[in-house]
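**Student:** One structure is given below, represented as structure tokens, and several questions about it will come after.
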Amino acid sequence: MDDWNIQLQPFLAGLGNMPRAARKGREVYNGYIRGCGLKYGNLKDLCLADPVFCEAHALATAPAPNGKPRTVVALANLINLFTILKLNLSGLTAPGHIVEFGSLRGGSAIFMAAAAKVLLPGSQVISFDTFAGFPETDAAIDAYGEGGFESVDLDELRGHVASLGLDNLTFIEGRFEDTLPGALAEIGRVCLAHVDCDVYDAVAFSYEQVKPCMISGGYLIFDDPLVPTCIGAFEAVEELLVRRDGLHAEQVFPHLVYRAP
Ligand SMILES: C[S@@+](CC[C@H](N)C(=O)[O-])C[C@H]1O[C@@H](n2cnc3c(N)ncnc32)[C@H](O)[C@@H]1O
């Protein structure tokens, strides 16, 4: 489904000569094309002219019952998620499913489900949250405390998703510690994990749980570690992905992207 012509500013012309093969477990060229396409190219314009992106984005940013947009995920991060679905995962035979750790008002899950319905037919999106804010957090590293963010009316959210016809999206309620082990065993193959839960324990636990389900080359996308409020999320990535598992990032802008071994 690559009908886009990504163009970069002239100072990046040398990227065209970069090897396309994976290096240290990540596709460096693809990471540059997405990250630089966003910052120094026409990727945003391509998305804003793409009807699938526009519809998914409109659904993700529409107001929730409390008047706030359904998603707090930044536009650049949504563009990168969409670009991975469109350029890197679409067209694979039975690639697996998409999981999200941290739904809040459901916006980024709705965004991925609307895009996946067109780009990854047959794939499901499963998004996990307490829907009651953060469980206990670690005051020594996390900026957010227990109950942070907000409670969400899950019945309203499920009804809203049904009214949109997004039958490829499921929300699972509860602490990750209670829900992930059983649910991920049933989900099986995961091609994209959107880790958007801000704090050390949640990021660490969700990574450990999803790791055995990831298809080789699957995308592990961390929304928060590089934002000022989420050093706990970054510490989990440093300790588990970088030091222990020896993974190298494919992208550091607009969020951290790793590829599963
Ligand atoms: C930044 S919000 C998610 C934003 C959302 N993806 C969006 O589109 O706006 C982070 C969410 O992670 C959830 N969370 C954090 N730790 C959790 C845990 N251990 N179990 C379940 N949910 C958790 C919080 O309840 C919160 O709603």
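Quick note: the coordinates plus some simple rules give every number you see, no bench work behind them. The shown structure was predicted, so the numbers you read here are calculated from the model rather than taken from an experiment. Positions of Cβ are backbone-derived with ideal geometry, glycine not excepted, and every protein chain shown enters the neighbour counts.
**Student:** Please work out whether the range 43-110 counts as rounded, prolate or oblate from its C-alpha gyration tensor, where a ≥ b ≥ c are the square roots of the eigenvalues and a/c under 1.5 means rounded, while otherwise a/b larger than b/c means prolate and anything else oblate?
**Tutor:** Here the range 43-110 falls in the oblate category.
**Student:** Taking a ≥ b ≥ c as the square roots of the eigenvalues of the Cα gyration tensor of the range 136-201, is the shape rounded (a/c under 1.5), prolate (a/b larger than b/c) or oblate?
**Tutor:** Here the range 136-201 falls in the oblate category.
**Student:** Assign one of three labels to the range 31-76, namely rounded, prolate or oblate, based on the Cα gyration tensor with a ≥ b ≥ c the square roots of its eigenvalues; rounded applies when a/c is under 1.5, prolate when it is not and a/b is larger than b/c, and oblate otherwise.
**Tutor:** Since a/c reaches 1.5 and a/b is larger than b/c, the shape of the range 31-76 is classed as prolate.
**Student:** Something else now. For A94 and F11, compute 0.36 nm times the residue count separating them, minus their Cα-Cα distance, and round to one decimal in nm. Don't skip to the end; give the middle numbers.
**Tutor:** Working: separation 83, 0.36 × 83 = 29.88 nm, distance 3.81 nm.
Using 0.36 nm per residue and subtracting the Cα-Cα distance, I get 26.1 nm.
**Student:** Let me ask something additional. When the scattering of the range 10-259 is computed by the Debye formula from its Cα atoms alone, each counted once and equally, what is log10 I(q)/I(0) at q = 0.08 Å⁻¹?
**Tutor:** Here the Debye-derived log intensity ratios amount to -0.28.
**Student:** If each residue's Cβ is checked for other Cβ atoms within 10 Å, how do H255, H248, H160 rank with the fewest at the top?
**Tutor:** Working: H255 24, H248 14, H160 19.
Fewest to most other Cβ atoms nearby, the residues stand as H248, H160, H255.
**Student:** So which residue, out of G35, G91, G232, gets the largest mean-square fluctuation from a GNM of the chain using Cα contacts under 10 Å as springs?
**Tutor:** Result for the chain, Cα springs under 10 Å: G91 fluctuates most.
**Student:** OK, next. Counting other beta carbons within 10 Å of each Cβ, put S216, S90 in order, fewest first.
**Tutor:** Ordered from fewest to most neighbouring Cβ atoms within 10 Å, S216, S90 come out as S216, S90.
**Student:** Looking at the chain, what % of its DSSP beta bridges pair antiparallel, to the nearest 5?
**Tutor:** Once the DSSP bridges in the chain are tallied, antiparallel ones form about 30 percent.
**Student:** So, with +1 on the Cβ of K and R and -1 on the Cβ of D and E, and no other charges, what is the size of the charge dipole of the chain about its Cα centre, to the nearest 20 debye?
**Tutor:** 1240
**Student:** Within 15 Å, Cβ to Cβ, of G246, how many net charges do the neighbouring residues add up to if Lys/Arg are +1 and Asp/Glu are -1?
**Tutor:** Net local charge, G246 excluded: +3.
**Student:** Check cross-link reach from K39 to the lysines: straight Cα distance under 26 Å, and skip same-chain residues fewer than eight apart.
**Tutor:** K24, K86
**Student:** As a check on your grasp of the helix formula, calculate [θ] at 222 nm for the chain: sum -39500 (n - 2.57) over DSSP H runs of n ≥ 4, divide by the residue count, round to the nearest 500.
**Tutor:** Roughly -10500 deg cm²/dmol at 222 nm, from the helical runs in the chain.
**Student:** With point charges of +1 on the Cβ of Lys and Arg and -1 on the Cβ of Asp and Glu, referenced to the Cα centre of the chain, which listed residue (L8, P228, L48) lies farthest in the positive direction of the dipole?
**Tutor:** Sorting the options by dipole projection puts first L8.
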